[in-house]
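Heads up, the thing below is written out as structure tokens.
Read the figures in this text as sums done on the coordinates, not as results from a lab. Remember, it's a predicted structure, so these values are computed and weren't measured experimentally. Positions of Cβ are backbone-derived with ideal geometry, glycine not excepted, and every protein chain shown enters the neighbour counts.
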Amino acid sequence: MSGRRRGGKTAPEQVLGECVRSREVIVCCGAGGVGKTTSAAAIALRASEEGRRTIVLTIDPARRLAQSLGLAGIDDTARPVPGTRCRRSGGRTGELHAMMLDMKRTFDEVIRANADSPARASRILSNPFYQSLSSTLAGTQEYMAMEKLHELHASARWDLIVVDTPPTRSALDFLDAPRRLTDFLEGRLLKTLLLPAQLAGKTYARVFSLGANAFLRAAGRMTGSELISDVAEFFQAFEGMYDGFKRRAREVYELLQAPATAFVVVSSPEEAAMHEAEYFAGRLAEERMPLEAVVVNRVHRVPAMELPDRASLSALRASAEGRLLAELLANHEDWSRVARREEKVIGEALATLAGTGILCVPHLPGDVHDLDGLRLVNQFLFG
Amino acid sequence: MAAESLFDGRLIIVSGKGGTGKTTVAAAIALAAVRSGRRVLLAEVEGRGGLARLFSTRPFGHGEVALATDLMGIAVEPDEAMLEYLHLFHGMRRISRVLAHSRAVEFATTVAPGLRDILVIGKLKQVEGRRENGVPVYDLIVLDAPPTGRIVPFLSAPRAASELARLGPIHSQAEAVRRLVEDTNKTKVVLTTLLEEMCVSETLETTEKLRAAGMTAVAVVANGVYPRRLEALRRNASASAAEDLLAAARQAGLSLDREGVEELLAEGKIQRGRLALQRSQSRVLAEGTDLPVFELPFVFAERIGPVELEGLAAAFGARPAGAGRRSSK
């Protein structure tokens, strides 16, 4: 598909090239294990080589980016990536930094930065409900990635931020994290949870709607009252910070919709991953978020050949060369079947994606774990 | 370790890095267990519909559906599991209706720590305990579990919940679920991997993380293993090699031209590179863990369907269908 133009449209390589030169945020998303981290790192490397000050933010706890960049370790401070060949462009020299999101630490920082007093911050930080929330809650990772993106973007330190999204249960989690929080903070349920800690024992029953009252009684009955009071205490301590959370959530949401942002959906040529990619493309369109390219990693391509028929193959067993030739033919046939399977899957996706270009990166012979590997990937992403 | 002892427990949890074919492997394990004479429930938890696609059935949800003889499937949905839970254990029919119409379920399952996870595992515990005439309805449950990045929090959810809710029925239920998950005779954690650098290192990291959390994996499944071939292909197969092959082709009466042979050689060299990588990663895996490693062959087919799944199941060395069948009724 490389270099293909459809309906006079710009080739996908050029679209992605333009994103790398002019956008401020590129979000790479897709199912787990499709090479998202590698794609994000490759795109960031390209941007730095085009003269932009670039940071790639990875969230994955398996530290794959560290491996991709040949680094021994990475933490949630921005680290310069060694061995880049950054160019000067427009009076500036490109840079490449990498950072890994530490979910718990980011959450703690957000609390400290936004609490009106250190006492309130430590009240929250020591709350048992907060402690499990900040390290185990599904969705916290996504939400903290958004907080970090917001922070990096607001700092104006970077020309381009490339975000590698968490390996989500579904693509939905990532996209919905900012809004879910906003919804949650505005929700009535929260207020009902807030109330019991604020009101003295006997009177609160009268204030509650029947449903909420029953819910709380049931919740208390099921969990023991300590959990409920931890939760209530947590939300109470949180009061006054909601506006800040809501504002940032709204700002990130708007940033994701802005023309300065580009989404790149990453996939592999497997049916399940492609399904997820198509679904994600649909969601982005619904949210009016700019999807610019679909990257399909690990694609197998085998040129069509006219093969001898099976019956004549037995004659090859006579010599060592013949046996090797038979193995080479079997290898070719095997990969041809895989190539046909993938071509079908990609073709179906292309039909659904309506206008978004697909960039295919072949299954490279070795693992991509250094800058040269990323540059090789970039030959397929940028032509 | 023979596959038989893998099937001896009540619950097999299949995790692995994304893209390692977790769903396919879980299905193959389930089929192998069916072939060994067991009644099996194959469960998915992340609402991807992967099992339905694999078995070419209509998308299914929280209710159990038949996937094959003696093999049922279920897609556990946390929201449904929560309502069911309130129903079953607290008789809160009215409340659960109120809850269903409020945002409470969404709130509880997205905001409360690990609640989604414990609801999912709790549902499996409930199915595990189901009996008909005193006999378990299922001999074995195979779970297509969350990927390695989330598996430790997922499996620790019952412990976290039982610590958080320090008393009351949630505490005791979480405790019951925790006992099932942490009982290595009943629950076996299996990790899928590809024999590639990143996958193998993540697999080894995960075995450590599981151990640190007080749980142990019992086996690794290396998926997508290429067949050993092309060993006679020299690394720098030169022009003369192409000549030799061309001569062999002519001798056998095959219509192959020089260009075709060159192409085959080029493809062969790429495959040799992959095989070398596979060999070295296989060694890294073997050196990094004491766990038994099952190898599943790479599927070179135009689609992965029931026939291919049976082929993969056979790799678990199960007895052929019909041998030693046990009745569950």
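Miscellaneous remarks
- All other residues whose Cβ lies under 14 angstrom from that of A:Arg337 are scored, Lys and Arg at +1 and Asp and Glu at -1, for a net of -2.
- Using Cβ point charges alone (K and R +1, D and E -1), the dipole size of chain B about the Cα centre works out to roughly 920 debye.
- Near B:Pro59, once Lys and Arg are set to +1 and Asp and Glu to -1 for all other residues with Cβ below 13 Å from its Cβ, the sum equals +1.
- Kirkwood Rh and Cα Rg combined as Rg/Rh, chain B: 1.08
- Using alpha-carbon coordinates, inclination of helix B:258-288 to the longest axis of chain B, degrees: 40
- Of all DSSP beta bridges in chain B, antiparallel share, percent nearest 5: 15
- 3J(HN,Hα) from dihedral phi, region B:223-228, Karplus parametrisation 6.51/-1.76/1.60, rounded to Hz, x for glycine, proline: 9, x, 7, 6, x, 6
- Cβ-based exposure ranking for B:Thr184, A:Thr140, in which fewest neighbours within 10 Å come first: B:Thr184, A:Thr140
- Cβ-to-Cβ counts within 10 Å put A:Tyr242, B:Tyr85 in ascending order as A:Tyr242, B:Tyr85, the fewest first.
- Amide H partners (placed H, <5 Å) of B:Thr192, local residues excluded: B:Ser15, B:Gly16, B:Lys17, B:Val221
- In terms of its C-alpha gyration tensor, region A:340-383 has an oblate overall shape, because the principal axis ratio a/c (a ≥ b ≥ c, square roots of the eigenvalues) is not below 1.5 and a/b does not outweigh b/c.
- Taking amide H positions as modeled 1.01 Å from N, with prolines and chain starts lacking one, the residues under 5 Å from A:Val361 and 5 or more places away or on another chain are A:Val296, A:Asn297, A:Arg298, A:Val299.
- Put a dot 7 Å past the Cα of A:Ala113, heading toward its Cβ, do the same for A:Ala156, and the two dots end up 1.6 nm apart.
- Dividing the mean sequence gap of close Cα pairs (under 8 Å, 6+ apart) by how many residues chain B holds gives a relative contact order of 27 percent.
- For chain B, adding -39500 (n - 2.57) for each run of n ≥ 4 DSSP H residues and dividing by the number of residues yields -16500 deg cm²/dmol at 222 nm.
- Cα-based helix-to-principal-axis angle, B:22-35 vs chain B, degrees rounded to 10: 80
- Taking Cα atoms only, the orientation of helix B:148-164 departs from the longest principal axis of chain B by about 10 degrees.
- Karplus-derived 3J(HN,Hα), 6.51/-1.76/1.60, for each residue of region A:148-157, Hz, glycine and proline x: 5, 4, 4, 4, 5, 5, 5, 5, 6, 6
- Oblate is the label for region B:228-314, because a/c, from the alpha-carbon gyration tensor with a ≥ b ≥ c as root eigenvalues, is 1.5 or above and a/b does not exceed b/c.
- Tensor-based shape of region B:171-307 (alpha-carbon gyration tensor, a/c under 1.5 rounded, otherwise prolate or oblate): prolate
- Sequence-distant residues sharing a close amide H with A:Val27 (under 5 Å, placed H): A:Val163, A:Ala262, A:Phe263, A:Val264
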